[in-house]
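The structure appears below as structure tokens.
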Amino acid sequence: MKREHDGPVALSVHEAGHLVIAHSQEALTVGESIWSDQGFTYTNVGSEADWTKPAEKVRSIAAQVAVAVAGGAAELVVHRGVLPEELTVEDVLAETGSIDFQLAQEWLALQRHDPSQDAIEAEVLDVFHLVAAALADRGTSALVSELADRLLARRRREENGTVRLGSTEPEVAALLAGARLPAEYPLTRTTTANLISVTTH
């Protein structure tokens, strides 16, 4: 999610990044990107994962984290043409925006009983790099740009109304079907099992 003051082109690329990465994740279902009449954008994503199964829970959380950072990664790679090498947590926060960054952290915190903030932030950084590398592919970058152009064109036509770009629209679905992206962005730092220590006297 971002607000309109970030610039309409960057905003449309941001949401297209969310849409493309969400569509590629087997653990998720993606609905639509929305540009609200109040000047902010967001993308609807869902999951039907069975969280009583640890592997399914981890895949679902990893996918949600990838989608959360995808908007910022798309702005960096597709909009500005920068392939990140050594980014800090602060850099990723600046690219993704505080809402998406916090969302990624919250998803990761759900995996652990006593999460380490350092591990969570390092995980967000790792996933951001993976997503950015995927979006840097020429074909994927072109796809993000095409979807962003469509969303922006709708916004310009309906300047004061809410506009939507749905993943099930025939033309959008056809574009997304051609995407070749990883179906998972594995987590390596925050998959510690939930442990509760018990002290006896």
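Tabulated values for the structure
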{"item": "Residue check for Glu158: within 29 Å of Asp37 (Cβ to Cβ), surrounded by fewer than 17 Cβ atoms within 10 Å (Cβ to Cβ) and modelled with pLDDT of 95 or more", "result": "no"}
{"item": "Index of the failed condition, Val77 passing every other in (1) more than 13 Å from the chain's Cα centre (by Cα); (2) crowded, with 17+ Cβ neighbours inside 10 Å; (3) touching a residue at least 60 places away in the same chain (Cβ under 8 Å); (4) closer than 22 Å to Val58 by Cα", "result": "(4)"}
{"item": "Qualifying residue in the range 100-109 (condition: in contact with a Phe, Trp or Tyr (Cβ under 9 Å, 6 or more places away or on another chain) and either in contact (Cβ under 8 Å) with a residue 24 or more places away in the chain or open to solvent by 40 Å² or more (accessible area, probe 1.4 Å) (or both))", "result": "yes"}
{"item": "Sole residue being open to solvent by less than 40 Å² (accessible area, probe 1.4 Å) and either modelled with pLDDT under 95 or out of contact with any Asp or Glu (no Cβ under 8 Å at 6 or more places or on another chain) (or both), chosen from Leu195, Leu143", "result": "Leu143"}
{"item": "Matching residues, the range 37-74, being among the polar types (S, T, N, Q) and buried (at least 16 other Cβ atoms within 10 Å of the Cβ)", "result": "Thr41, Thr43, Asn44, Ser47, Ser60, Gln64"}
{"item": "Breaking point among (1) within 22 Å of Thr29 (Cβ to Cβ); (2) exposed (fewer than 15 other Cβ atoms within 10 Å of the Cβ); (3) among the charged types (D, E, K, R), for Asp149", "result": "(1)"}
{"item": "Test: residue in the range 9-22 that is under 20 Å from Arg157 (Cβ atoms), open to solvent by 20 Å² or more (accessible area, probe 1.4 Å) and either among the polar types (S, T, N, Q) or free of Cβ contacts under 8 Å to residues at least 24 places away in the same chain (or both)", "result": "no"}
{"item": "Residue match in the range 80-87 (condition: aliphatic (A, V, I, L, M), under 22 Å from Ala142 (Cα atoms) and open to solvent by less than 60 Å² (accessible area, probe 1.4 Å))", "result": "no"}
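The values are calculated or read from the model by the stated rules, or taken from the named source; none is laboratory data. Just so it is clear, the model here is predicted, and its values are computed rather than measured. Neighbour counts are summed over all protein chains in view; Cβ atoms, including those assigned to glycine, are modelled from backbone coordinates with ideal geometry. The accessibility values were calculated without ligands, DNA or RNA, using every heavy atom of the protein model including side chains. Shrake-Rupley method; radii C 1.70, N 1.55, O 1.52, S 1.80 Å.
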